[in-house]
Amino acid sequence: MFNLLSGEFYKLKKSKSLLVCCVITAVFVLVLYGMLMIVDKVRRGEIENGTGGIIYVSGEEVDENAKSLFDEITVMEVLRQMFCSFGSFATAVFAAIFVIGEYINGAAKNIVGKGYARWQIFLAKYIVVMASAVLQLLVLSAVAIICGAVVEGTEQFDAVFWKNFFGYIGIQILLGMAFVGVVSAVSEICRNLAAGISIGIGLVCFSSPLTMGMDLLAKLLFSQAEWKPSDFWLLDLASQCPVRDIRKGFAVHSIIVALIWVIFAAAVGIVHIRKADIK
């Protein structure tokens, strides 16, 4: 098992796909901050259109002394948007590429031929995929903090900020690891790169509307129930996670749900790889 893990981490280190995902994630954070800076300047009337310092947006005057947009949109809010959108896309896409890639190039058959147990092969890749999600989300967080320091200044980074930051990112990383675990299990089952990436992206795009529909159905069928299906789906919990003052109950619930999904996805992947042919 140790040799398998070492080999998978070496592949991760050499992976161009991981580098591309990290770079694209960083670029998206930069683009988001660039757009926010433009909107902020427009909002405060710093971008003129020849009307004496007053600009017009949708026919309304904009006061040049308006409150800064960054008083409302902090680094933590940027992190929330990125974690729940492009961060999930990037980690899902890389998980599919990393798991399915060896079935495409035939390397999986060679690894099985060396005598390793199939469950160990999947579990090693499963662990490394989750480690890749941690790395990508940490890169996203670091770039967001650097951009926030440049744009908004460092005064915001006080003890309260770091307390909220580590609590928030801890839960988001755990939920993100569980999510890529689910994508890894799906990728192991389908073993088709286009299908694996499409399903991963589809989970990010459409899981929220699906869970909303399931919530409505559950409310009709179990009107007295205090729970709803979205309470047990990783991406919904990630979007609901507050960026400050996280309640202990929410944190414990998120951790338990994430661990259940991690175990369930690993079990599904192991069962499949033990029974399916490797071509």
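Checking each residue in the stretch 226-279 for being within 19 Å of the chain's Cα centre (by Cα) and basic (Lys, Arg) picks out only ARG244.
Residue-by-condition table, conditions (1) touching a strand residue (DSSP E or B) at 6+ places or on another chain (Cβ under 6 Å); (2) part of a helix (DSSP H, G or I); (3) not small (Gly, Ala, Ser):
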position: GLU188; (1), (2), (3): no, yes, yes
position: ALA195; (1), (2), (3): no, yes, no
position: SER198; (1), (2), (3): no, yes, no
position: ILE201; (1), (2), (3): no, yes, yes
position: CYS205; (1), (2), (3): no, yes, yes
position: PRO209; (1), (2), (3): no, yes, yes
position: GLU226; (1), (2), (3): no, no, yes
position: ASP231; (1), (2), (3): no, yes, yes
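Condition check ((1) in a helix (DSSP H, G or I); (2) modelled with pLDDT under 85; (3) exposed (fewer than 12 other Cβ atoms within 10 Å of the Cβ)) across all residues:
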residue	(1), (2), (3)
ILE24	yes, no, no
TYR33	yes, no, no
LYS67	no, yes, yes
VAL112	yes, yes, no
GLY115	no, yes, yes
ALA124	yes, no, no
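Taken as a whole, the stretch 188-208 holds at least one residue that is crowded, with 17+ Cβ neighbours inside 10 Å, among the β-branched types (Val, Ile, Thr) and closer than 22 Å to LEU79 by Cα.
Give the number of residues within the stretch 196-250 that are of a type in the set (Asp, Glu) and in contact (Cβ under 8 Å) with a residue 40 or more places away in the chain.
Looking only at the stretch 196-250, we keep the residues that are of a type in the set (Asp, Glu), and these are 215, 226, 231, 236, 245.
If we keep only those that are in contact (Cβ under 8 Å) with a residue 40 or more places away in the chain as well, we get 245.
So the count comes out to 1.
In the stretch 242-276, of all residues being more than 30 Å from PHE166 (Cα to Cα) and of a type in the set (Val, Ile, Thr), the one that is modelled with the lowest pLDDT corresponds to ILE273.
Working only within the stretch 133-157, note down all residues that are of a type in the set (Gly, Ala, Ser), exposed (fewer than 15 other Cβ atoms within 10 Å of the Cβ) and farther than 14 Å from VAL23 by Cα. Spell out how you get there, then give the answer.
As a first pass, look at the stretch 133-157 and keep what is of a type in the set (Gly, Ala, Ser): 133, 141-142, 144, 148-149, 153.
Among the residues that remain, those that are also exposed (fewer than 15 other Cβ atoms within 10 Å of the Cβ) are: 142, 149, 153.
Result: ALA149, GLY153.
Is it fair to say ALA265 is in contact (Cβ under 8 Å) with a residue 24 or more places away in the chain, surrounded by 11 or more Cβ atoms within 10 Å (Cβ to Cβ), within 30 Å of VAL112 (Cα to Cα) and touching a helix residue (DSSP H, G or I) at 6+ places or on another chain (Cβ under 9 Å)? Steps first, please.
On the way: in contact (Cβ under 8 Å) with a residue 24 or more places away in the chain: yes; surrounded by 11 or more Cβ atoms within 10 Å (Cβ to Cβ): yes; within 30 Å of VAL112 (Cα to Cα): yes; touching a helix residue (DSSP H, G or I) at 6+ places or on another chain (Cβ under 9 Å): yes.
Answer is yes for this residue.
Can ILE197 be described as in contact with a helix residue (DSSP H, G or I) (Cβ under 8 Å, 6 or more places away or on another chain) and among the aliphatic types (A, V, I, L, M)?
Numbers: in contact with a helix residue (DSSP H, G or I) (Cβ under 8 Å, 6 or more places away or on another chain): yes; among the aliphatic types (A, V, I, L, M): yes.
Considered against the rule, which asks whether it is in contact with a helix residue (DSSP H, G or I) (Cβ under 8 Å, 6 or more places away or on another chain) and among the aliphatic types (A, V, I, L, M), ILE197 comes out as yes.
Among the conditions (1) outside any helix (DSSP H, G or I); (2) surrounded by 13 or more Cβ atoms within 10 Å (Cβ to Cβ); (3) of a type in the set (S, T, N, Q), SER254 misses just one, which is (1). Out of curiosity, is VAL160 part of a helix (DSSP H, G or I) and surrounded by fewer than 15 Cβ atoms within 10 Å (Cβ to Cβ)? In short, yes.
Going by the structure shown, is ARG274 basic (Lys, Arg), out of contact with any Cys (no Cβ under 6 Å at 6 or more places or on another chain) and part of a helix (DSSP H, G or I)? Before the answer, list the steps.
Numbers: basic (Lys, Arg): yes; out of contact with any Cys (no Cβ under 6 Å at 6 or more places or on another chain): yes; part of a helix (DSSP H, G or I): yes.
Against the criterion (basic (Lys, Arg), out of contact with any Cys (no Cβ under 6 Å at 6 or more places or on another chain) and part of a helix (DSSP H, G or I)), ARG274 qualifies.
Scanning the stretch 161-182 for residues that are of a type in the set (Gly, Ala, Ser) and in contact (Cβ under 8 Å) with a residue 12 or more places away in the chain yields GLY167, GLY176, ALA178, GLY181.
Exactly one residue out of GLN136, GLN81 is within 13 Å of the chain's Cα centre (by Cα) and either at pLDDT 90 or above or not in a helix (DSSP H, G or I) (or both), and it is GLN136. Among the conditions (1) surrounded by fewer than 20 Cβ atoms within 10 Å (Cβ to Cβ); (2) touching a residue at least 60 places away in the same chain (Cβ under 8 Å), the only one that ALA185 does not satisfy is (1).
The values are calculated or read from the model by the stated rules, or taken from the named source; none is laboratory data. Everything numeric here is computed off the predicted structure, so don't read it as measured data. Cβ coordinates were reconstructed from backbone atoms using ideal geometry, including for glycine residues, and neighbour counts include every protein chain displayed.
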